Amino acid sequence: MRTDKPDGLLRVLRHRDFRLLMIAFTTSFAGSWAYNVALMGYVWEATRSPVWLGAVTIGRFVPSLLLGAYGGVLADRFERVRLMISIDVASAALMIGLAVLAAVGGHPALAIVLAAVCSVLGMTYEPATAALTPQTVPERELAAANTIRNTVDNIAIIAGPAIGGLLLLLGSPALVFAINAGTFLVSALITGRMTVRSQPVDVTEGGASNPLRQMLVGVQAIASSQTATVLCAFSVIASFVYGVDTVQLIVLSDERLGTGADGYGYLLAGLGVGGLAAAGLVNRISALPRLGTAILAGMAVYCLPTLFFLVVESPVAAFAIEVVRGGGTIIVDVLAVTALQRSLPADKLGRVFGAFFTFVLAAISLGAFVTPLALAATSLDATLWMAGLGIPVLCLLGLPVLRRMDNANVATVAALEPRIAVLQRAAILAEASRPVLERLASNAEEITVDAGTDVVREGQDADAFYVIESGSMAVRSRGGEAMERELPSMAEGQYFGEIGLLRRIPRTATVTAREPSTLLKITAEDFLEALTTGSASVSMLEGARTRLARTPTYAVDAEPRDLLPD
């Protein structure tokens, strides 16, 4: 029975390099959120000034905003794994410096400078991680991988500040900084165990491209794809709303919920919990042909519940509202990141994510900047109306663009339907999911051969899998014997070429067109990925085993599952 359901979310963690990447990412990220709490606490204890607290935020955000796009350039220019290790080691050194500074009671201005440098390094680490992800998982599992990454963010948002606060109770800011240095070193060690490596790119284009042009490559690449542009635009809008939340939720907590400014962390944790709860749905949503509907729904779920804050005064109810909103924002963010990874060139992904994360940070900063002005000019109720209803109405203005994007995607899938129908008739792909079949159909090369043409020859290297779209094929094999032997012929809907790919051996037979025929040629990489990332059935593999066994001198006693590559 064929299933159209995507693989389980956690299934993506079976890929060793991705698993290591996420462990390193989680370790580093949780430590960073914990250190944020300690940094604010250290500066407050040293100055007792809200102005200095604002200086911490500005000191960490502004340099990242100005230099973040160039971080993406570095993520393309250098091998990403080694770059990430170097960033971890440098960040650990900065944290050790902060720990020493805090231990001796150094000036908070120096602490802000060290934190700003660490933030700038982080703006290179994130594009490198996002650009490296497609190399660690198959394409069809990108949405699941990005959901895991986003989930790590949400866990860090929840656990990081709690860990930081607990460590401050048990020790001091210096202790938290020292522990964070340790998390960076652990992250570096784990990242060093990865086997995947990226190919460095000459971002200078032979010296002809200056730094500004290098950074603009990412923006131009995003603009080259309508789907990527639209989804990124909505992610940036969602980031603006998050910036509004960073101010609005503090006022809401203090003035309406009675939980004081500290209740902000409680509400922020609700967003994280909602993201965790919705994580399992995102992989399924990413497989839909009409992503425009999904992105609008995600924005609606993120924004509209804000209107309940107009009447809600219970902290518990407010937390529940934030949980719902968190489910909406993860949909928007994951769809945007996945669209970038799927549709844009791999050698530009570092610069693409450098530009994307800079846009996100700028949107958050803008939201945090305009909200106090709006609150001063109007009221909390007015800003709740603007965020809860004004933003969704603004998003509706993009409906024509979303419809064009969806119609184009649906038209593309419709054009692939004849090929998908052919692939579905091939028993070896009977349990491939719909997204896998669409990917195979899109990547397949349609070839036409005349009668008498040898499509594959015995003894050749196996490099592709073939499905007969129309016509018929004669099959013969020598198999080391003196006389060539005729094997059963094949007709429309049948396939060949899988034996050499599954067993990693040369072609076991010669396949010749009996009449003018059309075939779908699928590369070895795409074919094996379809089997190893789907649920290849034992009956399907048994068929390949049987075909191999009846080829001269190729008796096989392996179990069906053993035919799959490691």
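The values are calculated or read from the model by the stated rules, or taken from the named source; none is laboratory data. As the structure is a prediction and not an experimental result, all values here were calculated from the model. Don't worry about glycine lacking a Cβ; one is built from the backbone with ideal geometry, like all the others, and counts go over all protein chains shown. In case anyone asks, the SASA skips ligands and DNA or RNA and just uses the protein heavy atoms, side chains included. Shrake-Rupley method; radii C 1.70, N 1.55, O 1.52, S 1.80 Å.
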Go through region 193-229 and give me each residue that's open to solvent by less than 40 Å² (accessible area, probe 1.4 Å) and at pLDDT 85 or above. 194, 196, 198
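One line per residue, one yes/no per condition, for (1) surrounded by 17 or more Cβ atoms within 10 Å (Cβ to Cβ); (2) in contact with a helix residue (DSSP H, G or I) (Cβ under 9 Å, 6 or more places away or on another chain):
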{"residue": "110", "(1), (2)": "no, yes"}
{"residue": "119", "(1), (2)": "yes, yes"}
{"residue": "131", "(1), (2)": "yes, yes"}
{"residue": "135", "(1), (2)": "yes, yes"}
{"residue": "138", "(1), (2)": "yes, yes"}
{"residue": "155", "(1), (2)": "yes, yes"}
{"residue": "169", "(1), (2)": "no, no"}
{"residue": "174", "(1), (2)": "yes, yes"}
{"residue": "183", "(1), (2)": "yes, yes"}
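Can you name the residue in region 421-448 that is of a type in the set (Val, Ile, Thr) and surrounded by fewer than 16 Cβ atoms within 10 Å (Cβ to Cβ) and is also farthest from residue 527 (Cα to Cα) among such residues? Lay out the reasoning, then the answer.
Of all residues in region 421-448, those of a type in the set (Val, Ile, Thr) come to 422, 428, 436, 447-448.
In the following step, the residues that additionally are surrounded by fewer than 16 Cβ atoms within 10 Å (Cβ to Cβ) were identified as 447-448.
Values: 447: 17, 448: 20 Å.
Selected residue: 448.
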Output for region 352-381, where each listed residue is in contact with a helix residue (DSSP H, G or I) (Cβ under 7 Å, 6 or more places away or on another chain) and without any contact (Cβ under 8 Å) to a residue 24 or more places away in the chain: 374
Where residue 477 falls short, out of the listed (1) under 27 Å from residue 138 (Cβ atoms); (2) at pLDDT below 90; (3) not aromatic (Phe, Trp, Tyr): (1)
May I ask you to list the residues in region 457-492 that are within 39 Å of the chain's Cα centre (by Cα), open to solvent by less than 10 Å² (accessible area, probe 1.4 Å) and farther than 15 Å from residue 526 by Cα? 468
Quick count over region 373-388, residues being modelled with pLDDT under 90 and either open to solvent by 60 Å² or more (accessible area, probe 1.4 Å) or in contact with a Cys (Cβ under 6 Å, 6 or more places away or on another chain) (or both), is 2
The condition from (1) free of Cβ contacts under 8 Å to residues at least 60 places away in the same chain; (2) more than 14 Å from the chain's Cα centre (by Cα); (3) assigned to a helix (DSSP H, G or I) that residue 347 misses is numbered (1)
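If only one of 114, 167 is of a type in the set (A, V, I, L, M), part of a helix (DSSP H, G or I) and free of Cβ contacts under 8 Å to residues at least 40 places away in the same chain, which one is it?
Details: 167 fails: free of Cβ contacts under 8 Å to residues at least 40 places away in the same chain.
Testing whether each residue is of a type in the set (A, V, I, L, M), part of a helix (DSSP H, G or I) and free of Cβ contacts under 8 Å to residues at least 40 places away in the same chain leaves just 114.
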Filter region 243-273 for residues that are hydroxyl-bearing (Ser, Thr, Tyr) and farther than 20 Å from residue 34 by Cα and give the result. 253, 259
Hits in region 290-303 - residues which are surrounded by fewer than 17 Cβ atoms within 10 Å (Cβ to Cβ) and not hydroxyl-bearing (Ser, Thr, Tyr): 290, 297, 300
